[in-house]
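What follows draws every value from the coordinates through simple rules; no lab data is involved. Small disclaimer: the values here were computed from a predicted structure and weren't measured. For neighbour counting, all protein chains shown are included, and Cβ atoms are generated from backbone atoms with ideal geometry for every residue, glycine included.
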Amino acid sequence: MPAHHALTVSESQYLRELLDTTSTHTTLAFEHLELRAGPGVRQFYAQQDFHPVWTTDTGWSGTATQALRILAAAPGYGLCPQEYNCARLQALADTLARTELAAHAPLLAAYELSLTDALLRFALHLRYGRLQPASLLPQVYDSVATRQAAQHLQKALAAPDFAPAFLSCQPTGQTYQRLLAAWQIRIKMTSPSSITSLDSVRQAEFRRVAINLERCRWNAQATPDTAFLLVNIPAYRLDVVGQGRVLRSHRVVVGKPAQPTPQFDARLHFFTTAPEWRVPASIAIQEILPQLRRDPGYLYRHQYHLYNRQGQSMNPYRIKWKAITPENFPYTIRQMPGPDNSLGNVSYYMPNEHTVYLHDTPARQLFAQPQRAFSHGCVRVEQSVELAAFLLRRSGAPERAKRLEHAAAATWTQRINLPRAWPVHVRYYTCEATANGQLRHYPDVYGLDAPLLAACFAVVPEAAQLPPR
């Protein structure tokens, strides 16, 4: 806390009076004070016994100057300075120079609250993001998040160096940290006073980086400290991440735009070699039923078996397929293990609400395509057997890895358990950074950037697009 100056006591009284009025008609009082993080502001000053933290009778304190620099550097974090009233807060020194000393206390109190409000919102945005992932409406922070932000600000004030302590609220995951570092190197070359001062290409790049930093913040809660699997849909890539680095990478095929792979978190428990494929009802009705109407032998040629609702095997040649419609389709279809099985030589058991999983594929030629959105939603992994064996060895089970490789080669159905479950995260990042700090842009395969850009920046999406590279 800064040393008290001549007007500190008076300013403290103003702070108490202003914030005490928020005990009734809270929302209206906060709106009158232009506080968007009002509950956190009040909690912060209540714990400070309503003493000013940022101001002296001559203007900002040294710590406040550091805080203002952080807010002014918001573009380096994918955020906009005007969101935090930077220009208004920076103008305090000039305002005080033109103001009578007796009028300083109420003015200082107002600036105190404004800076604290800005810092709390900045911390919440850095930690959780500005928008709600599902609706893209502004985040509504609960009392726990607001209280934690106020406590974080207090701890940063007590730290030897305010700036790094304050910025420690950011996600620690590798994807976020790499993207942040690469972007900050690029933006320091221009040192913009505002985003609008950048040329159109750099503005578009800023927006693309910003929305992907936002996505990283949404997902920060699910990023574990242990090793995990990360699928980035637009990059068509699966990474095994451990000890802060990528241990190995695999090309993947993801869902086509009409049947997109969802984003989710799961835990991988075991593998099945030479798996049987239970065809989802949607695929059976939309893709296989039309084939059966033309030729019931389609099932045998592709190693499919047909079952009724009681689980009894059915002869497809004895069924009047012309009378079967998508509405009355009463069968289930399974594909037996073999070289044509859609799951290939190994599938990964990772329960999730979407019934989406990782698996091998016999259509390995698709991995040579640069754009690989061909599946029905599941993720096909190149060199799946090698990946499964690596995870088993990495988990301390080399004998199970050998058994898996042998069973997969022999098309022998077997369940192979992992000694521990591996977290799996399926994400959607259209921009990320390499280990050497290079930004990489990917196609927006599902068109998810456009609504996020509109929600964050109210821009025409086409004007903010960058070519993949």
Relative to the longest principal axis of the C-alpha atoms of the chain, give the angle of the C-alpha long axis of helix 8-20, reported between 0 and 90° and rounded to the nearest 10°. 50 degrees
If you scale each eigenvalue of the Cα gyration tensor by 5 and take the root, what three semi-axes come out for the range 251-388, rounded to whole angstrom and sorted largest first? 28, 16, 15
Please state the charge dipole magnitude for the range 126-210, taken about the Cα centre, from unit charges on C-beta atoms (+1 on K and R, -1 on D and E), reported in debye and rounded to the nearest 20. 120 debye
Given +1 on the Cβ of Lys and Arg, -1 on the Cβ of Asp and Glu, and no further charges, what dipole in debye does the chain carry about its Cα centre, rounded to the nearest 20? 2380 debye
Using Cα centres only, tell me the gap between the range 305-374 and the range 174-219 in whole Å. 43 Å
Order of ARG393, ARG208 - criterion: other Cβ atoms within 10 Å of each residue's Cβ, fewest first: ARG393, ARG208
Neighbour-count ranking [beta-carbon atoms within 10 angstrom, fewest first] of TRP54, TRP321, TRP422: TRP321, TRP422, TRP54
Just in the range 70-125: which trypsin sites (Lys or Arg not before Pro) are loop by DSSP and have at most 14 other Cβ atoms within 10 Å? ARG98
Residue exposure sequence - ASP142, ASP117 - by fewest surrounding Cβ within 10 Å: ASP142, ASP117
Hull surface over four for the Cα convex hull of the range 222-279, reported in nm², is 5.5 nm²
Value at 222 nm in deg cm²/dmol, rounded to 500, when DSSP H runs of n ≥ 4 in the chain each add -39,500 (n - 2.57): -11500 deg cm²/dmol
Can you tell me how the range 278-335 classifies by the Cα gyration tensor, rounded, prolate or oblate, using a/c under 1.5 as the rounded cut? rounded
Please compute the modelled spin-label separation between TYR317 and GLU399, points set 7 Å along Cα→Cβ, answer in nm with one decimal. 4.9 nm
Kirkwood Rh over alpha-carbon pairs of the chain, then Stokes-Einstein at 4 °C and 1.567 mPa s: what D in µm² s⁻¹, rounded to an integer? 50 µm²/s
Give me the dipole magnitude in Debye, nearest 20, for the range 379-448 about the Cα centre, with unit charges on the beta carbon: positive for Lys and Arg, negative for Asp and Glu. 340 debye
Gyration tensor (alpha-carbon) shape descriptor, the range 310-469, a/c threshold 1.5: oblate
Mind checking the angle between helix 143-158 and the chain's longest principal axis? C-alpha axes, 0 to 90 degrees, to the nearest 10. 60 degrees
For the chain, whose charge dipole is built from +1 on Lys and Arg Cβ atoms and -1 on Asp and Glu Cβ atoms, the candidate among LEU131, HIS359, GLY437 with its Cα farthest towards the positive end is HIS359
Mind pulling the angle between the C-alpha long axis of helix 384-394 and the longest principal axis of the chain? Nearest 10 degrees, somewhere in 0 to 90. 60 degrees
With label points set 7 Å from each Cα along the Cα-to-Cβ direction at THR411 and ASP94, the distance between them in nm comes to 7.8 nm
Treat the range 90-196 as a sphere of radius equal to its Kirkwood radius over Cα pairs and apply Stokes-Einstein at 4 °C in a medium of 1.567 mPa s; give the translational diffusion coefficient in µm²/s, rounded to a whole number. 78 µm²/s
